[in-house]
Structure formats: structure tokens, C-alpha cells
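K.L.:
Structure below; questions to follow.
The values are calculated or read from the model by the stated rules, or taken from the named source; none is laboratory data. For clarity, every value in this text was computed on a predicted model and none was experimentally measured. Cβ atoms come from the backbone with ideal geometry, glycine included; neighbour counts cover every protein chain shown. For the accessible areas, the whole protein counts, side chains as well, though only heavy atoms, and no ligand, DNA or RNA atoms are used. Shrake-Rupley method; radii C 1.70, N 1.55, O 1.52, S 1.80 Å.
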Amino acid sequence: MTWYEDEVRLLEQKIQSLPPADDRAVFYGSSSIRLWTTLANDFPDINTVNLGFGGSTLASCTWFFERLIVPANPASLVFYAGDNDLGDGRYPEEVCLFFCEFMEKLRHHFPDVPMTFLAIKTSVARWNLREQIRRTNQLIQEEITRRPHTQYIDMASPLLDEKGAPRRAYFEPDGLHLTPAGYAIWKQTLLPHLPAVNNLVKRD
């Protein structure tokens, strides 16, 4: 996990600089979160904080939980990870185990904080892993149905065309990361499902 250190330290500094708040919607996970630079504009009524770090796996997000999520003190958590685990050759069952470990930490520190898991996307670059991605999403979705204050949002299907293949317009030339058009689809998909949104809306 040492190669994440520089970016994690920068995130720790970011967290320390945040003003006191009890309404933070923390977005956490891999570069698909880190590169979502329009969060504040996409959800202007919500106090969003982006704690994504590039190349992170579900395993590394779990590893750095105490250093990043605990001090951020989220009122709700939006989480995307697992993409890179599969890219590294992990099996769906392993990724689901990492998810369960993550949830154990979340519920230990924040028993009632609502958590939204964003389904792993099927990208152009990882089209060869589509069955592993489908299976991982299925396992995590099944796990989520057994856990309170936790929801699963299908962020993968809206990025596909009528034949079930990734729409290239939604992906950068690397075939992995989302374009602004791709993030617009994610915004549209997520907005109605943000956990505890009524409690996170800024009051006059």
C-alpha cells in the first residue's frame, strides 16, 4: 500500500483543512471518484467532499479507512471501488470479501451512516472482464440487501448502448475513465438515490 502514500497524505491535509460540519456527503474510492471534479456543481445543495485516490482498489480503500473516512466524519458515504481489483486479477469472490471487510469498518465507526455503493462500470478497456464485473456486482448487491442503511446503485447499465457494449462517448481515449458526458450520466443516475438527501440539504 506504500505507493498510495503521497496521495493519501494530501487527502489527510485536505480533511484537516475542512471546516467543522455534520452534513458531509463523502465520495470515496478510486480514480472514477477522484476525477469527478464537478461534484460541487452537480450536487450544489449537498456538502460534498471528494476523497478519491488514483489507482485505488477496494482493498486499499479499506486499508486507509481509519486515516481518511474516520477523520472526515461523513454524514453519508458514496463509494466506488473494485474496478482496479479485478484489473489486478482478483476474483469476484475476493472483491466481495474486501467489500465485507470495508463494511465491517464502516459499521464499527459509523453504525447508522447511509452508504451508497456505485456498481462497477463495464468500460471499453476492461470489456474482457465484463463477466467478472457482472459477477462482482451481483455478489456485492446480494450482500447489500442484507445490510441496513446501505444501497446499491446500478451505475454500469446507463453507460452501455442498446447492444450492451460501453458507449465510447462516455469514456476517455484510455477506455477506462469517464468523459464529462459519462459523469453527466452518473449525476443523472445518482441524484434521485443519494442517501439521506433530505438531511443533507443545506438550510437557510
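K.L.:
So in segment 135-160, with the set limited to residues that are assigned to a helix (DSSP H, G or I) and of a type in the set (S, T, N, Q), which one is most open to solvent (accessible area, probe 1.4 Å)?
P.N.:
Out of the qualifying residues, it is GLN141.
K.L.:
I've got another one for you. May I ask you to list the residues in segment 68-87 that are over 13 Å from the mean Cα position of the chain (by Cα) and closer than 15 Å to GLY29 by Cβ?
P.N.:
LEU68, ALA72, PRO74, ASP85, LEU86, GLY87
K.L.:
Among the residues of segment 54-61, is any under 14 Å from ILE140 (Cβ atoms) and touching a His at 6+ places or on another chain (Cβ under 7 Å)?
P.N.:
Within segment 54-61 (the criterion being under 14 Å from ILE140 (Cβ atoms) and touching a His at 6+ places or on another chain (Cβ under 7 Å)), the answer is no, since none of the residues qualifies.
K.L.:
Just one of ILE120, ILE140, ILE144, ILE133 is farther than 21 Å from SER56 by Cα and among the hydrophobic types (A, V, I, L, M, F, W, C); which is it?
P.N.:
ILE144
K.L.:
Exactly one of (1) at pLDDT 95 or above; (2) open to solvent by 20 Å² or more (accessible area, probe 1.4 Å); (3) over 21 Å from LEU118 (Cα atoms) is unmet by THR38. Its number?
P.N.:
(3)
K.L.:
Is it the case, given these coordinates, that GLU5 is open to solvent by 10 Å² or more (accessible area, probe 1.4 Å), farther than 25 Å from LEU191 by Cα, assigned to a helix (DSSP H, G or I) and at pLDDT 95 or above?
P.N.:
Taking the combined requirement at face value, the residue does not satisfy it.
K.L.:
Right, another one. Kindly provide the set of residues from segment 120-134 that are open to solvent by 30 Å² or more (accessible area, probe 1.4 Å) and in contact with an Asp or Glu (Cβ under 9 Å, 6 or more places away or on another chain), ordered by number.
P.N.:
The answer is VAL124, ALA125, ARG126.
K.L.:
Does GLU12 fit the bill of being surrounded by fewer than 14 Cβ atoms within 10 Å (Cβ to Cβ) and either under 12 Å from the mean Cα position of the chain (by Cα) or part of a helix (DSSP H, G or I) (or both)?
P.N.:
no
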